[in-house]
Amino acid sequence: MSRIIKIAPLWAKSRDERNPEGHPLLAHLLDAAAAARTILLREPEKTRRLLADALGLSEEEALNFAAFAVGLHDLGKASADFQRKWPDGVRRLQAAGLTYDENALLDVPHGPVGAYLVRALLPDLGFPRRVARKLGDLLGAHHGFLATPEEIREAKRTLRAEIGPWDEARRALLHALWETLGRPRPATDDLSPEAALWLMGLTSFADWLASSPEFFPYGRDPGDPVHYYQEALTLAEKALDDPRVQWQKRTPLAPTPPPFERVFPFPANPLQRVVVQSLQNLQGPSLLIIEAPMGGGKTEAAFYAHLLLQAQNGHRGLYVAMPTQATGNAMFDRVKAFLAKFGDRPHDLQLVHGAAILKPEYVKLREVGEGEEATVRASEWFSAKKRAMLTEYGVGTVDQALLGALKVRHHFVRLWGLANRTIVFDEVHAYDAYTSRLIAGLIRWLRALGSSVVLMSATLTRAQRARLAEAWGAELPEAEAPYPRLTLMSEESVESIPIPWEEEKTYRVAPAPRPAPELAAFALEKLGEEGAAALIVNTVDRAQALYQELKARLGSGEVIVEEGRPIGWRAGETELYLLHARLPSVERQVRESALLARFGRDGKRPKRALVVATQVIEQSLDLDFDLLFTDLAPLDLVLQRAGRVHRHRRTPPPAHAKPRVFVAGLAEEPPNLKSEYWDKVYAAYPLYTSWHLLRGRSAIRLPAEMEDLIEAAYAEETAKRLPETVRAQATEALKALKIELEDTELEAANVVVDPLARLLETLGGDQLAAELGLEDDEESPYTQRPLTRLGEPSVTVVPLYRPAGGLFLDPEGQTPARVNGKASPEEARALYAASLRVGRQGVVQELKKVETPPAWQKNGLLRNLKPLYLDAEGRARIGSTELRMDPELGLVYMRR
């Protein structure tokens, strides 16, 4: 009892309207410990076993140890630097003889203070000093940042300003927590990277939950710590059951997966049968690389692979990582439909990217109320951006997953959320060398944390597969199965398995003119009187120009309107559409939905149609056309674009019975890569090789020729086979590409938390800055957010119109734009929905200087947006560039 009296004045949470006495520090530590234990008990048995193995303890011992470790997270609040922040609390401290020298305090955050105290005090409980130091550092990072060596030294110095029995109170607090939780100790004299990561993620999760007064009311008395802890366990159960959280016990979707044809409305094709058969009775986390032509059913194979891997390995859930927000939105609908087939309990599904709130289907899941029957829902509590990765099922961009392996705030929470799950990466070929290097770093972590990984691609080189295998800790076999294939890496073996392919397509290939006027006339001629053509070009400016040329040739007609927004042009029986990235978010979503309704699976196709687009329809949007016109691009991307032709099982118009691909720039010798800025979009070398490999062909057979073409497109030897007219330029381009790849490799290595040992080299050591490659005068790497992709700087803007005084989101002045005061959730969503990204460099530099409106600065959704002020005609002048927002074309750049 005397020990409790000594620590009674220490507080963790100051008062609120309901609890004028605040919340005692011991109470909060026990709340967090109870939350941690309860969370782990709802995890699959495999998760607890992984943690127990990493700690060298039995499962029950590991539960107690983890609860104790999490409880220690706020030990740094038992310091004068923190306790002085609440005047009422200070008076209680003074009454207990706990005072301080105000002038000597250094205002050190409680995280670094806690890191120092755990290091200093745990050895008194029999903890090995190495474990104590690492525990201190990882627990001190629960607000997102590892403490620097200087912060640790300042923490030690600031404690010298304390007057009275502070140390005695801290030791009493520590002993009360330790004894209440059964005096746990580690079984080893070190902490593995996996154990550290598990504890770091669990600590932040449990602290967030325990810090919510609606779940753990403030002011409860911990005078009897054992009784208090039991009550806290009950509160933790209720918190996890709360409709806002819905952290149910993690169980497999199907403990015994049903046959494939009972999950999907069709029998398994050869690809899917190979995946199913290869995973039967497979134990342990596995890496699958599925390479097959576009439209071959890879997604369904990945979903069913998750069922098998989850049933066999106890995986806690699924995350599908997509290249873009648009492809993430489309995949979200498919995952939702998949989960709805397993209705024994509600499944939480989060859409994880910056514009998720604009997806109506996701918003509906978030609005599912208590008591409503729903197989799939989106918990309100987990919809917060830092918590979204913690939930059971998720779909989002690859960037959100990559943040788990980068030196960013709370990266360990994201990694903890991805641990012991099935992670699916779609369109793996779509990423540049930098992002691919980050993906490899993440895969290393995923394997260490007990996850399985499914990688899907239509086109990969052997070098790319080898890099992915190396990240998993494996090597490719010398002799691989021919394309298409499944590469399966389990704990026992690496297998390269051929996939029988029933259908071979022969794409006829021919040149197309490059200038927009000639290309427009050529496309209309080849389209004929019936059919749907895709025209995929490399830049937005070119897409806008080509759309205008086609519209002029089609003649008089009417604007096609959907959801009150112009999306295209109709002239007679011909429909014309435009899609690119320089459209406001909501308008782009409307156009994507319209295209899927017309050219998607079972779409209601117009008699005659042309869709002009940039790379945004190159992958994952499930669209199907009768013929393709494409700009010259790297060969793997040309083939990816060709996958939009005759994609679905249907009968095309007689004139388009054979799939055809027309390539602009193919007839030129040498190809001019600068006139349309193609060499700014893609590296020059793969453009030269693509030109060379396609120009002599009249047809391409897929999948038979896929692998040889892709290997040749990126091989250095191909440069020697190019015609004399381009060999010198291509050789120089190859040298530049090698230098660029080396540079991006270094940039990626500097931001990824990789290899695994690097995390713990920084924990418990005295050379944190050196380990992270920093000098004393540099910033912590956690103060700036590393990029998940390289590219030119950009800024996201909201076009604001001034039709007749005031600011509006539309040129007619119907929707006011909030810039002052406080934006309501509806106003914030409307502003964000109107946003678009601007990438032209002179414009970006000028827009970054524009002040963000006060109402936006106070809103998490809006604070990084900039206003783009337009006149009544939708124009603005930024530096030497005139901008115009066009209802059909989107944002148009016009030089002054």
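The values are calculated or read from the model by the stated rules, or taken from the named source; none is laboratory data. What you see is a predicted model, and the numbers here were worked out from it, not measured in a lab. Here Cβ is always computed from backbone atoms with ideal geometry, including for glycine, and neighbour counts include all displayed protein chains. These area figures cover heavy atoms from the full protein model, side chains too; ligands, DNA and RNA do not enter into them. Shrake-Rupley method; radii C 1.70, N 1.55, O 1.52, S 1.80 Å.
Here are some notes:
- Which numbered condition Ser835 misses (of (1) without any contact (Cβ under 8 Å) to a residue 60 or more places away in the chain; (2) of a type in the set (S, T, N, Q); (3) closer than 16 Å to Arg582 by Cα): (1)
- Taken over the range 262-271, the criterion of being surrounded by fewer than 20 Cβ atoms within 10 Å (Cβ to Cβ) and either part of a helix (DSSP H, G or I) or at positive phi (or both) is satisfied by Arg262, Val263, Pro270.
- Test: Thr327 is open to solvent by 10 Å² or more (accessible area, probe 1.4 Å) and either within 25 Å of the chain's Cα centre (by Cα) or of a type in the set (A, V, I, L, M) (or both): no
- Elements of type strands (runs of 3 or more DSSP E) contained in the range 572-685, each with 2 or more residues being among the β-branched types (Val, Ile, Thr), open to solvent by less than 10 Å² (accessible area, probe 1.4 Å) and touching a strand residue (DSSP E or B) at 6+ places or on another chain (Cβ under 8 Å): 608-613, 660-664
- Some residue of the range 171-179 being open to solvent by 50 Å² or more (accessible area, probe 1.4 Å) and farther than 30 Å from Gln94 by Cα: no
- Top-ranked residue of the range 335-351 - restricted to ones that are surrounded by fewer than 20 Cβ atoms within 10 Å (Cβ to Cβ) and not aliphatic (A, V, I, L, M), ranked as nearest to Glu367 (Cα to Cα): Pro346
- Only a single criterion out of (1) more than 23 Å from Tyr393 (Cβ to Cβ); (2) surrounded by fewer than 23 Cβ atoms within 10 Å (Cβ to Cβ); (3) not hydroxyl-bearing (Ser, Thr, Tyr) is not satisfied by Trp208, namely (1).
- The set of residues in the range 293-302 that are more than 21 Å from Ala474 (Cβ to Cβ) and open to solvent by less than 10 Å² (accessible area, probe 1.4 Å) contains only Gly296.
- Conditions (1) among the aliphatic types (A, V, I, L, M); (2) assigned to a strand (DSSP E or B); (3) without any contact (Cβ under 8 Å) to a residue 12 or more places away in the chain; number of the one not met by Ile560: (3)
- Residues that are closer than 11 Å to Arg49 by Cα and out of contact with any Lys or Arg (no Cβ under 6 Å at 6 or more places or on another chain), drawn from the range 62-74: Ala62
- Of all residues making up the range 764-816, the number that are outside any helix (DSSP H, G or I), hydrophobic (A, V, I, L, M, F, W, C), at pLDDT below 95 and open to solvent by less than 40 Å² (accessible area, probe 1.4 Å): 6
- Of the strands (runs of 3 or more DSSP E) that lie entirely inside the range 824-896, those containing 3 or more residues that are surrounded by 13 or more Cβ atoms within 10 Å (Cβ to Cβ) and of a type outside the set (A, V, I, L, M, F, W, C) span 866-870, 881-886.
- Scanning the range 493-527 for residues that are aromatic (Phe, Trp, Tyr) and touching a helix residue (DSSP H, G or I) at 6+ places or on another chain (Cβ under 9 Å), we see that the one that is farthest from Phe662 (Cα to Cα) is Trp501.
- Considering Gly450, Gly404, Gly417, the condition of being buried (at least 22 other Cβ atoms within 10 Å of the Cβ) and not in a helix (DSSP H, G or I) is satisfied by Gly450 alone.
- Among the residues of the range 499-526, those that are open to solvent by 50 Å² or more (accessible area, probe 1.4 Å) and free of Cβ contacts under 8 Å to residues at least 40 places away in the same chain comprise Glu503, Pro515, Pro517, Glu518, Glu525.
- Residue in the range 726-734 that is within 19 Å of Pro670 (Cα to Cα) and either touching a residue at least 60 places away in the same chain (Cβ under 8 Å) or surrounded by fewer than 14 Cβ atoms within 10 Å (Cβ to Cβ) (or both) present: yes
- Looking only at residues in the range 52-95 that are open to solvent by less than 40 Å² (accessible area, probe 1.4 Å) and among the charged types (D, E, K, R), the one that is modelled with the lowest pLDDT is Asp88.
- Ile443 passes every criterion in (1) open to solvent by 10 Å² or more (accessible area, probe 1.4 Å); (2) farther than 18 Å from Gly314 by Cβ apart from (1).
- Test: residue in the range 272-283 that is open to solvent by 20 Å² or more (accessible area, probe 1.4 Å) and closer than 29 Å to Tyr362 by Cα: no
- With respect to the stated conditions, Gly396 is under 14 Å from the mean Cα position of the chain (by Cα) and either outside any loop (DSSP other than H, G, I, E, B) or among the hydroxyl-bearing types (Ser, Thr, Tyr) (or both).
- Some residue of the range 359-375 being touching a residue at least 40 places away in the same chain (Cβ under 8 Å) and outside any loop (DSSP other than H, G, I, E, B): no
- Across the range 234-258, the qualifying residues are those that are under 24 Å from Ala388 (Cα atoms) and part of a helix (DSSP H, G or I), and the one among them that is most open to solvent (accessible area, probe 1.4 Å) is Lys238.
- Test: residue in the range 159-177 that is under 38 Å from the mean Cα position of the chain (by Cα), at pLDDT 95 or above and either not in a loop (DSSP other than H, G, I, E, B) or not polar (S, T, N, Q) (or both): yes
- Residue in the range 108-129 that is of a type in the set (Ser, Thr, Tyr), touching a residue at least 60 places away in the same chain (Cβ under 8 Å), assigned to a helix (DSSP H, G or I) and over 21 Å from Asp224 (Cα atoms) present: no
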